[in-house]
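Engineer: Quick one: the structure is below, questions incoming.
Laboratory data are not the source of any read-out in this text; all were calculated from the coordinates shown. Note that the structure is a prediction, hence the values are computed from the model and not measured. Ideal geometry is used to build each Cβ from the backbone, glycine not excepted, and the neighbour counts take in all protein chains shown.
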Ligand code: S3P
């Protein structure tokens, strides 16, 4: 079985995914990191030099290839569902888990670094809120949604495992 973590930027997909994979003895793939590795380029440079549309195509191409993996936890980028058809690809890969967090927590986590090109604006909080409301419905088709507010990392991992009956 594969587990695909989806959710807005800064909801902990990478950190939780890595811990979940370790607990289950699964492999771990982070789509952002994999794209950076394959393109030999940071996401922020990809956005700047080739544009968001190019990045979105790379995400879809990677998802298609990931349909062949087994016993893998996959953490996806927060905008992966913006591309029509990607949720269908995710559903073919495995069970989807939506990690949900509140805007305040997301803002606090995202502001720790400058890795995310879409929020390098004059008013990042406003940008996050706008994107959040635009995208929140996209995550609704996940098999399981976990409200991560005020939950510790280990508790989130345990909850995912319990929800999946693993
Ligand atoms: C993006 C989220 C990022 C990364 C890229 C675009 C988005 O991933 O894929 O900066 O559009 O929401 P995280 O969700 O890991 O921050």
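Engineer: Any residue in region 45-55 that is under 12 Å from residue 76 (Cβ atoms) and in contact (Cβ under 8 Å) with a residue 12 or more places away in the chain?
Structural biologist: Going residue by residue through region 45-55, those that are under 12 Å from residue 76 (Cβ atoms) are none.
Checked against the condition, which is being under 12 Å from residue 76 (Cβ atoms) and in contact (Cβ under 8 Å) with a residue 12 or more places away in the chain, region 45-55 yields no hits at all.
Engineer: Being more than 10 Å from the ligand (Cβ to nearest atom) and assigned to a helix (DSSP H, G or I) is the filter here, so list the residues in region 95-112 that pass it.
Structural biologist: The answer is 103, 104, 105, 107, 108.
Engineer: From 99, 125, grab the single residue that is farther than 20 Å from residue 19 by Cβ and in contact with a helix residue (DSSP H, G or I) (Cβ under 7 Å, 6 or more places away or on another chain). Quick ask: steps written out before the conclusion?
Structural biologist: Values: 99 fails: farther than 20 Å from residue 19 by Cβ.
So the residue among 99, 125 that is farther than 20 Å from residue 19 by Cβ and in contact with a helix residue (DSSP H, G or I) (Cβ under 7 Å, 6 or more places away or on another chain) is 125.
Engineer: In region 62-90, which residues are touching a strand residue (DSSP E or B) at 6+ places or on another chain (Cβ under 9 Å) and either within 13 Å of residue 8 (Cβ to Cβ) or near the ligand (Cβ under 9 Å from one of its atoms) (or both)? Break it down stepwise before answering.
Structural biologist: Residues of region 62-90 that are touching a strand residue (DSSP E or B) at 6+ places or on another chain (Cβ under 9 Å), as a first pass: 62-63, 66, 69-78, 80-81, 87, 90.
Within region 62-90, 75, 76, 77, 78, 80, 81 meet the criteria.
Engineer: Taking residue 1 and the conditions (1) closer than 17 Å to residue 96 by Cβ; (2) surrounded by 14 or more Cβ atoms within 10 Å (Cβ to Cβ); (3) touching a residue at least 60 places away in the same chain (Cβ under 8 Å), which numbered condition does it fall short on, given that it satisfies the others?
Structural biologist: So the condition that residue 1 fails would be (2).
Engineer: Residues being out of contact with any strand residue (DSSP E or B) (no Cβ under 6 Å at 6 or more places or on another chain) and under 17 Å from residue 80 (Cβ atoms): count how many of those fall in region 15-36. Full working, then the answer.
Structural biologist: Here is the first cut: in region 15-36, the ones out of contact with any strand residue (DSSP E or B) (no Cβ under 6 Å at 6 or more places or on another chain) are 15-16, 19, 22-25, 31-36.
When the remaining residues are screened for being under 17 Å from residue 80 (Cβ atoms), the result is 16, 31-36.
Residues that pass the stated criteria total 7.
Engineer: Return yes or no: is residue 45 away from the ligand (no atom under 11 Å from the Cβ), over 14 Å from the mean Cα position of the chain (by Cα) and surrounded by 15 or more Cβ atoms within 10 Å (Cβ to Cβ)?
Structural biologist: Numbers: away from the ligand (no atom under 11 Å from the Cβ): yes; over 14 Å from the mean Cα position of the chain (by Cα): yes; surrounded by 15 or more Cβ atoms within 10 Å (Cβ to Cβ): no.
No.
Engineer: Still on this model: In region 151-166, which residues are in contact with a helix residue (DSSP H, G or I) (Cβ under 9 Å, 6 or more places away or on another chain), part of a loop (DSSP other than H, G, I, E, B) and surrounded by fewer than 15 Cβ atoms within 10 Å (Cβ to Cβ)?
Structural biologist: Matches in region 151-166: 166 only.
Engineer: Residue 58 fails exactly one of the following numbered conditions: (1) within 13 Å of the ligand (Cβ to nearest atom); (2) in contact (Cβ under 8 Å) with a residue 12 or more places away in the chain; (3) closer than 26 Å to residue 150 by Cβ. What is the number of that condition?
Structural biologist: (3)
Engineer: Going through region 113-143 one residue at a time, which ones are away from the ligand (no atom under 14 Å from the Cβ) and either part of a helix (DSSP H, G or I) or free of Cβ contacts under 8 Å to residues at least 24 places away in the same chain (or both)? Walk me through how you get there before you give the answer.
Structural biologist: Step one: filter region 113-143 for residues away from the ligand (no atom under 14 Å from the Cβ), giving 122-123, 125-126, 137, 140-143.
Correct list: 122, 123, 125, 126, 137, 140, 141.
Engineer: Now for a separate question. For region 73-86, which residues satisfy the criterion of being surrounded by fewer than 20 Cβ atoms within 10 Å (Cβ to Cβ) and either touching a helix residue (DSSP H, G or I) at 6+ places or on another chain (Cβ under 9 Å) or closer than 15 Å to residue 3 by Cβ (or both)?
Structural biologist: The first filter runs over region 73-86 and keeps only residues surrounded by fewer than 20 Cβ atoms within 10 Å (Cβ to Cβ), leaving 79, 82-85.
Of everything in region 73-86, those that are surrounded by fewer than 20 Cβ atoms within 10 Å (Cβ to Cβ) and either touching a helix residue (DSSP H, G or I) at 6+ places or on another chain (Cβ under 9 Å) or closer than 15 Å to residue 3 by Cβ (or both) turn out to be 79, 82, 83, 85.
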